[in-house]
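Asker: Below is the structure I would like to discuss, written out as structure tokens.
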Amino acid sequence: MTQRYYLTTPIYYVNDVPHIGHAYTTLACDVIARFMRLDGREVKFLTGTDEHGQKVEKSAAAAGMAPKEFVDRVSQNFRDLAAQMGYSNDDFIRTTEARHIRACQALWRAIAANGDIYLGHYEGWYSVRDEAFWAEDELVAGADGKKRAPTGADVEWVREPSYFFRLSAWQDRLLKFYDTHPDFILPESRRNEVVSFVKGGLHDLSISRTTFSWGVPVPDAPGHIMYVWLDALTNYLTAIGYPDTTLEFPRLWPADLHMVGKDIIRFHAVYWPAFLMAAGLEPPRRVFAHGWWTNEGQKISKSLGNVIDPLMLTAEFGLDPVRYFLMREVPFGNDGDFSRASMIDRINNDLANGFGNLCQRVLSMIAANCGGAVPTAGTLADHDKALLASAGVLLADIRTALLSQQIHIALAQLWGVVGEANRYVDTEAPWKLKKSDPGRMATVLYVLIEVIRHLGVLLQPFMPASAAKILDQVAIPVGAARSFAALAAGGLVAGTPLPKPQGIFPRHEPPGAPAAAKPVKGKPPLQG
Ligand code: MSP
């Protein structure tokens, strides 16, 4: 049976314009989703928008619009971003859809049937910006002396009738679950943070509000609107048809991966598994919390005016180089800093001088010296076999890295083989063999083009358009021949005609700079 892989991004609040943070979370999922598809799994990749709650209601009022009119417009921005960034999501969920209201109410009823919901009175601090309740001892004093949430957001005192979820009763079961599922939360530092939070004791959670109306009505409780996080988290079930067991739900639940930012780990790793277990459902298999980006060393914020627009970034540097930079620059899980200098550095060093140079040297030598067709290999020496073997084990290594969301490691492994192949070109110096030993030259070039085929196939999840160009140039037709299964199935066939080589990874030249020197015809572009 085909293995399945169900992965999700957080659903984005529609009070904001899409920025690099949103593009980043979805990009990481896109890379993993593409990898899993090429690896033969049945993939469901979900993203969408979080459209209820006080925060959105307020933003709509500030824009002078009715909430529904507002969310319809802003949700479209996120849908457009996904399309413009070429994300391969299989569904885009909106929490204002009928299928979602139905799922939320079904989940509520399942939790209530288990005796984990009771009616009470909520009195305490609430932050609309975080859509979160904060305990007195979690608050900090702001510069103006006012109490604030630990996130810096304003808090207000609220007092209203409310339904509660018996979260306190789940403390031991949650701790046991973390214990028996050591990989449920990654990276480990986040896991430790969550475990110590839960060990510190859990309060029952207010899960309905009566002072606003923009949300999912609590079933059989007029005037009560579901807490927006219970509503939002349920999207992961809605999208697979919950509660309808004739749809994808029984096959795709539990989800394999919820990708989230570090700021929303508590909701996903504490509340969500407790809600699910209370409803008799399994928690997801993995919650991975990635870090946050700063811009040239500064926190990104609307008020500082330094928000990075992903579309401007890709317009300047190109989509694939931006994908590469975001996934390679920072160990996935850590915070990272965006700087133009490091972006340009990656483009010129890793892409142009590294991978680009490898393709250009090899393909132009084949075009000039092997009649523009895949060369015929003679007997392979041990070091030829060693290079082919390095390319051959990449798939397994990258798979292992991606199954624990080590996206930067996967790329480092790929580039490790790029480096190895470039060194092999230097030491074998095929341009010298042209006269002295043309048979050996053909063997060396065959080994190299076969390595390029591997690299091109494996690059697809990370840089789809560039990988497609590489694969076009080594004459691998679109379709099954580009899947991972084809890697081991067979090498390039000698004599296959190849198209005229073209540059894959151009250097980034500052506007107005003279164009890079063109290689002299017949000589390899770079030998060192
Ligand atoms: N609506 C909730 C999620 C509900 S999921 C059931 C929400 N939305 S959000 O739009 O505020 O944030 C979505 C994601 O963007 C989070 O994972 C957050 O970490 C990420 N980012 C927002 N700013 C970011 C950076 N500067 N850097 C990296 N990611 C950041 O929370």
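Asker: Go through segment 246-274 residue by residue and tally those that are within 15 Å of the ligand (Cβ to nearest atom) and more than 22 Å from the chain's Cα centre (by Cα).
Answerer: Counting residues in segment 246-274 that are within 15 Å of the ligand (Cβ to nearest atom) and more than 22 Å from the chain's Cα centre (by Cα) gives 2.
Asker: Of (1) under 30 Å from the mean Cα position of the chain (by Cα); (2) in contact (Cβ under 8 Å) with a residue 24 or more places away in the chain, Thr211 satisfies all except one. Which?
Answerer: Against the list (1) under 30 Å from the mean Cα position of the chain (by Cα); (2) in contact (Cβ under 8 Å) with a residue 24 or more places away in the chain, Thr211 comes up short only on (1).
Asker: Same structure again: Can you pull out every residue in segment 152-193 that is open to solvent by less than 70 Å² (accessible area, probe 1.4 Å), farther than 30 Å from Pro219 by Cβ and of a type in the set (Val, Ile, Thr)?
Answerer: The one that is open to solvent by less than 70 Å² (accessible area, probe 1.4 Å), farther than 30 Å from Pro219 by Cβ and of a type in the set (Val, Ile, Thr): Ile185.
Asker: Something else now. Among the listed residues Ile407, Ile504, which satisfies the condition of being in contact with a Phe, Trp or Tyr (Cβ under 6 Å, 6 or more places away or on another chain), surrounded by 20 or more Cβ atoms within 10 Å (Cβ to Cβ) and closer than 18 Å to Phe355 by Cβ?
Answerer: Criteria check complete, one pass: Ile407.
Asker: A further question on this structure: For segment 411-445, give me the residue count where each residue is among the aromatic types (Phe, Trp, Tyr), open to solvent by 40 Å² or more (accessible area, probe 1.4 Å) and within 30 Å of Arg399 (Cα to Cα).
Answerer: The number of residues fulfilling the criteria is 0.
Asker: Would you pick out the residues in segment 280-310 that are surrounded by 14 or more Cβ atoms within 10 Å (Cβ to Cβ) and away from the ligand (no atom under 16 Å from the Cβ)?
Answerer: Listed by number, the list holds a single entry, Arg285.
Asker: Does Ala269 satisfy the criteria of being open to solvent by less than 20 Å² (accessible area, probe 1.4 Å), over 27 Å from Thr211 (Cβ atoms) and not charged (D, E, K, R)?
Answerer: For Ala269, the condition - open to solvent by less than 20 Å² (accessible area, probe 1.4 Å), over 27 Å from Thr211 (Cβ atoms) and not charged (D, E, K, R) - is met.
Asker: What tally of residues in segment 234-254 results from selecting those that are not aromatic (Phe, Trp, Tyr) and not in a helix (DSSP H, G or I)? Spell out the reasoning first.
Answerer: Within segment 234-254, the subset not aromatic (Phe, Trp, Tyr) is 234-235, 237-241, 243-248, 250-252, 254.
From what is left, the residues that are not in a helix (DSSP H, G or I) are 234, 239-241, 243-248, 254.
Qualifying residue count for the region: 11.
Asker: Turning to a different aspect of this structure: Would you please name the residue that is nearest to Asn89 (Cα to Cα), looking only at residues in segment 255-309 that are in a loop (DSSP other than H, G, I, E, B) and among the hydrophobic types (A, V, I, L, M, F, W, C)?
Answerer: Looking at residues that are in a loop (DSSP other than H, G, I, E, B) and among the hydrophobic types (A, V, I, L, M, F, W, C), I get Ala255.
Asker: Ala232: in contact (Cβ under 8 Å) with a residue 40 or more places away in the chain and more than 20 Å from Val128 (Cα to Cα), yes or no?
Answerer: For Ala232, the condition - in contact (Cβ under 8 Å) with a residue 40 or more places away in the chain and more than 20 Å from Val128 (Cα to Cα) - is not met.
Asker: Just name the residue that is nearest to the ligand (Cβ to nearest atom) out of those in segment 124-146 that are in a strand (DSSP E or B) and open to solvent by less than 20 Å² (accessible area, probe 1.4 Å).
Answerer: Out of the qualifying residues, it is Ala132.
Asker: Residue check, Ala269 against (1) farther than 17 Å from Leu7 by Cβ; (2) in contact with a strand residue (DSSP E or B) (Cβ under 9 Å, 6 or more places away or on another chain), all met but one. Which one?
Answerer: If we test Ala269 against (1) farther than 17 Å from Leu7 by Cβ; (2) in contact with a strand residue (DSSP E or B) (Cβ under 9 Å, 6 or more places away or on another chain), just (1) comes out false.
Asker: Oh, and also: What helices (runs of 4 or more DSSP H) lie completely within segment 1-91 and have 2 or more residues being out of contact with any helix residue (DSSP H, G or I) (no Cβ under 7 Å at 6 or more places or on another chain), modelled with pLDDT of 95 or more and within 12 Å of the ligand (Cβ to nearest atom)?
Answerer: Once the helices (runs of 4 or more DSSP H) in segment 1-91 are filtered for at least 2 residues that are out of contact with any helix residue (DSSP H, G or I) (no Cβ under 7 Å at 6 or more places or on another chain), modelled with pLDDT of 95 or more and within 12 Å of the ligand (Cβ to nearest atom), what remains is 20-38.
Asker: With the condition kept exactly as written, say whether any residue in segment 225-238 is of a type outside the set (Asp, Glu) and over 27 Å from Arg285 (Cβ atoms).
Answerer: yes
Asker: When segment 368-385 is examined, which residues are found to be open to solvent by less than 50 Å² (accessible area, probe 1.4 Å) and closer than 19 Å to Tyr424 by Cβ?
Answerer: The answer is Asn369, Cys370, Val374, Pro375, Ala377, Gly378, Ala381, Asp384.
Asker: Sticking with this structure for a sec: What tally of residues in segment 469-495 results from selecting those that are open to solvent by 10 Å² or more (accessible area, probe 1.4 Å), within 28 Å of the chain's Cα centre (by Cα) and in contact (Cβ under 8 Å) with a residue 12 or more places away in the chain?
Answerer: 9
The values are calculated or read from the model by the stated rules, or taken from the named source; none is laboratory data. Computed from a predicted model, the values in this text were never measured in an experiment. Counting neighbours? That spans all protein chains shown, and the Cβs are built from the backbone with ideal geometry, glycine included. Surface accessibility is based on the protein's heavy atoms, side chains included, excluding ligands, DNA and RNA. Shrake-Rupley method; radii C 1.70, N 1.55, O 1.52, S 1.80 Å.
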